[in-house]
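Report on one structure; see the data block that follows.
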Amino acid sequence: MRSPTFSTLYIACLRKSCETLSIPYLVGGSVASSLLGESRSTQDLDLVISISLSKAQQLIGAMEQEFYISESAVVEAVTEKRSFNVIHLTSLEKIDIFVIGDDAFSRSKMNRRQLYKIDESEKGIYIYSPEDIILQKLYWYLLSATESQKQWRDVLGVLKVQGERLDFNYLNQWAEILQVQSLLELALQQAGL
């Protein structure tokens with residue numbers, strides 16, 4: 001299996017914390033798109049979690065021995081469905097944790113997450129489905145006023161690698177809802193699909 005340039009140690013720590021507390025999670029961002037598409041170096045680790053306020057204190061307790069984690073930032077992020085970050089105490093690497101929203105697309109992304117084994121000795125990590133990482137990155141690309149070429153390259157990489165295995169009905173349905181249909185059409189054309 002391909003391995004991107006992030007430390008699997010951090011993911012293992014985060015995965016263990018989430019699974020111990022029964023907090024659904026998935027690894028997103030450029031890590032997910034590198035695993036599903038064309039690999040690229042990244043310094044960012046994005047984790048998406050589905051968490052209630054009642055579990056916030058438990059998550060803080062589970063992570064505070066290995067990560068700097070701000071209680072107020074976690075509570076605010078959970079309450080407002082935003083993001084917070086944690087910093088690994090040994091390496092000082094920052095990890096962004098996004099609290100998933102309550103909307104239909106957010107629920108769909110979490111329901112469609114896929115278990116990905118980085119190597120055979122590992123339990124595996126949950127990542128976005130190929131379709132959902134494409135849609136999410138197209139949406140971020142749109143929000144950046146089409147300035148983020150990294151997002152666009154990631155989309156093309158996943159499209160090229162996944163090709164005909166993609167669920168095009170799902171892609172088109174959500175692209176229309178998210179108002180990224182024209183971007184999806186352009187990306188499909190540039191990827192040769």
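The values are calculated or read from the model by the stated rules, or taken from the named source; none is laboratory data. Predicted model only: the values in this text are computed from it and were never measured. Note that each Cβ is placed from the backbone with ideal geometry, even for glycine, and that neighbours are counted across all protein chains shown.
A few comments on the model shown:
- Residues within region 137-160 that are outside any helix (DSSP H, G or I) and under 12 Å from the mean Cα position of the chain (by Cα), tallied: 0
- On inspection, Asp44 fails the criterion of being in contact with a helix residue (DSSP H, G or I) (Cβ under 9 Å, 6 or more places away or on another chain), at pLDDT below 95, outside any loop (DSSP other than H, G, I, E, B) and at negative phi.
- Members of region 53-91 that are in a loop (DSSP other than H, G, I, E, B) and touching a His at 6+ places or on another chain (Cβ under 9 Å): Glu66
- Residue within region 99-112 that is of a type outside the set (D, E, K, R), buried (at least 17 other Cβ atoms within 10 Å of the Cβ) and in contact with a helix residue (DSSP H, G or I) (Cβ under 7 Å, 6 or more places away or on another chain) present: yes
Listed here are the residues, each with its yes/no results for (1) closer than 26 Å to Glu164 by Cα; (2) hydrophobic (A, V, I, L, M, F, W, C).
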position: Leu36; (1), (2): yes, yes
position: Ser41; (1), (2): yes, no
position: Ile49; (1), (2): no, yes
position: Val75; (1), (2): no, yes
position: Gly124; (1), (2): yes, no
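- Checking Ile134, Ile97 one by one, the residue that is assigned by the TED database to the domain that holds Val180 and either farther than 20 Å from Leu14 by Cβ or not in a helix (DSSP H, G or I) (or both) is Ile134 and no other.
- The test for being among the small types (Gly, Ala, Ser), assigned to a loop (DSSP other than H, G, I, E, B) and at pLDDT below 90 holds for Ser39.
- Beta carbons closer than 9 Å, at least 6 apart along the sequence or on distinct chains, pair a first residue in region 166-183 that is farther than 15 Å from Asp103 by Cα and hydroxyl-bearing (Ser, Thr, Tyr) with a second that is outside any helix (DSSP H, G or I) and at pLDDT 95 or above for Tyr170/Arg112; Tyr170/Ser129.
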